[in-house]
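Structure first, commentary second.
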Amino acid sequence: MAGLRLRPHATAPTLTTVAEVVEWFGAMQAQDLASGMWSLGVRLPGSTHADVHAALERREALRTWPMRGTIHLVPARDARWLLELTGVRALAGAAKRREFLGLSEAEADRAVDVLGAALAGGGRLTRTECVATLVAAGIDGAGQRGYHLLWYAAQRGVTCIAPNIGTEQTFALLDEWAPDQHQLDRDEALAALALRYFRSHGPTTRQDFAGWTGLTAADAKRGIAAAGDDLTTVVVDGADAVLHTPLLDAPRTEVDDVLALPGFDEYLLGYKDRTLMLDPEHKQAIIPGGNGVFQATVVVGGRVVGTWKRSLAKTRVTFTVHPLADLGPARREQIEQTLNRYADFLALPPRITWSQ
């Protein structure tokens with residue numbers, strides 16, 4: 001929980017900005033924008049949704065598809081090397097997807113050119129406007145074709161996702177939205193990504209690192225080696241695990257934190273084995289049907305003890321909490337206090353109900 005920046009970290013600097021949080025992680029899943037915003041908010045005490053949105057408008061971080069075909073928040077100036085390092089496997093598999101959608105490679109490449117021209121000079125278009133631009137150029141953007149072409153342009157490093165306008169996603173040219181991209185050679189990039197993953201998620205395994213990044217096992221091993229003395233291998237429950245070396249000297253303090261985390265927070269996403277945080281019998285409640293859609297969680301002392309849902313109205317946010325363990329009145333009051341913090345983040349008064 002310390003590495004995941006959900007409690008004070010004695011061996012690391014205090015993080016006070018969106019840029020610092022995202023750089024600490026290297027990448028934070030943000031396919032669901034509301035979840036991504038609260039993943040930042042919960043790590044920036046006192047911040048509001050408006051504060052985080054303003055930081056993204058200042059380009060402290062941006063969203064794109066760096067790995068696993070999933071949208072992540074990444075440091076704005078690191079987007080290109082992350083795409084080049086982790087996106088190549090996704091691009092390699094794009095041909096099969098294009099065949100399924102009835103798109104040719106030539107059409108996909110032309111779509112990139114069309115979007116590049118439409119956005120040049122500081123342009124910013126909503127998703128709807130991007131698809132309309134493609135259709136006006138004679139490119140079929142119906143159904144999932146439009147989404148695939150937007151993904152392909154970002155995966156190629158031509159575009160990126162800019163902050164929403166209202167409720168709609170927007171796109172800009174990566175080189176214009178985030179100029180002066182950092183340039184790293186392959187070993188530097190592997191080392192940087194390994195360090196960021198293990199300092200934020202460790203101790204955990206090399207296999208988890210490969211799964212989180214989409215890298216091959218060989219590249220995962222190479223990245224850990226390239227990080228040098230910044231990472232250390234230890235044994236956890238009889239298996240090799242890697243952690244950020246300064247954590248060896250971190251104080252061992254009892255964890256009694258009470259947290260309301262979004263469904264797609266790195267707290268659960270960054271691992272294959274989640275038994276440290278989640279009782280196996282509760283897995284179905286967190287990932288119904290095993291379809292990759294994670295429910296928002298209530299976490300007490302590092303363990304998931306419930307799920308929660310929100311319902312937004314103009315004048316209120318309503319929370320429904322579903323316990324997965326016995327929770328007494330004092331604990332329920334703590335959980336309500338942490339949900340009130342999220343209501344403050346949204347600048348809306350809360351209403352909290354319990355499903356049982």
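For the stretch 231-243, the condition of being within 30 Å of Thr126 (Cα to Cα) and assigned to a strand (DSSP E or B) holds for none of the residues. Filter the stretch 214-257 down to residues that are on the phi > 0 side of the Ramachandran plot and not acidic (Asp, Glu) and give me whichever is surrounded by the most Cβ atoms within 10 Å (Cβ to Cβ). Checking each candidate, the answer is Gly214. Might you let me know whether the stretch 61-76 holds any residue that is within 21 Å of Leu184 (Cβ to Cβ), in a helix (DSSP H, G or I) and touching a strand residue (DSSP E or B) at 6+ places or on another chain (Cβ under 8 Å)? So far as the stretch 61-76 goes, yes, one or more of its residues are within 21 Å of Leu184 (Cβ to Cβ), in a helix (DSSP H, G or I) and touching a strand residue (DSSP E or B) at 6+ places or on another chain (Cβ under 8 Å).
Each residue in the stretch 219-230 was checked for being closer than 19 Å to Leu82 by Cβ and either touching a Pro at 6+ places or on another chain (Cβ under 7 Å) or of a type in the set (A, V, I, L, M) (or both), and 4 of them qualify.
Within the stretch 31-58, the set of residues being closer than 25 Å to Gly214 by Cβ and either outside any loop (DSSP other than H, G, I, E, B) or modelled with pLDDT of 95 or more (or both) comprises Leu33, Ala34, Ser35, Gly36, Met37, Trp38, Ser39, Leu40, Arg43, Leu56. Take the conditions (1) modelled with pLDDT of 95 or more; (2) open to solvent by 60 Å² or more (accessible area, probe 1.4 Å); (3) closer than 16 Å to Asp257 by Cβ; Pro349 misses just one of them, which is (3).
From (1) in contact with a Leu (Cβ under 9 Å, 6 or more places away or on another chain); (2) in contact (Cβ under 8 Å) with a residue 12 or more places away in the chain; (3) assigned to a helix (DSSP H, G or I); (4) surrounded by fewer than 19 Cβ atoms within 10 Å (Cβ to Cβ), pick out the condition that doesn't hold for Ala132. For Ala132, the exception is condition (2). Would you confirm, using the coordinates I've provided, whether Glu99 is of a type in the set (D, E, K, R), farther than 25 Å from Gly36 by Cα and open to solvent by 60 Å² or more (accessible area, probe 1.4 Å)? Criteria met by Glu99. Is it true that Leu324 is without any contact (Cβ under 8 Å) to a residue 40 or more places away in the chain and of a type in the set (A, V, I, L, M)? So Leu324 does not fit the description; no.
Scanning the stretch 270-302 for residues that are in a helix (DSSP H, G or I) and at positive phi, which turns out modelled with the lowest pLDDT? Selected residue: Gly290. When Ala10 is tested against the conditions (1) part of a helix (DSSP H, G or I); (2) open to solvent by 10 Å² or more (accessible area, probe 1.4 Å), the lone failure is (1).
When the residues of the stretch 295-305 are filtered to those that are farther than 17 Å from Phe264 by Cβ and of a type in the set (A, V, I, L, M, F, W, C), which remaining residue is surrounded by the fewest Cβ atoms within 10 Å (Cβ to Cβ)? In this case the residue turns out to be Val300.
Answer with yes or no whether Ala106 is hydrophobic (A, V, I, L, M, F, W, C), touching a helix residue (DSSP H, G or I) at 6+ places or on another chain (Cβ under 9 Å) and either more than 23 Å from Arg68 (Cβ to Cβ) or not in a loop (DSSP other than H, G, I, E, B) (or both). Answer is no for this residue. When the stretch 155-182 is limited to residues that are assigned to a helix (DSSP H, G or I) and in contact with a Cys (Cβ under 6 Å, 6 or more places away or on another chain), the one that is most open to solvent (accessible area, probe 1.4 Å) turns out to be Trp177. Tell me, which residue of the stretch 306-318 that is assigned to a strand (DSSP E or B) and of a type in the set (S, T, N, Q) is most open to solvent (accessible area, probe 1.4 Å)? Per the stated criteria, the residue is Ser311.
Restricting the search to the stretch 319-333, which residues are polar (S, T, N, Q) and buried (at least 16 other Cβ atoms within 10 Å of the Cβ)?
The answer is none; no residue qualifies.
The values are calculated or read from the model by the stated rules, or taken from the named source; none is laboratory data. These figures come from a predicted structure and were not determined experimentally. No Cβ is skipped: glycine too gets one built from the backbone with ideal geometry, and neighbour counts run over all protein chains shown. When the accessible area is computed, the model is the full protein with side chains, heavy atoms only, and any ligands, DNA or RNA have been set aside. Shrake-Rupley method; radii C 1.70, N 1.55, O 1.52, S 1.80 Å.
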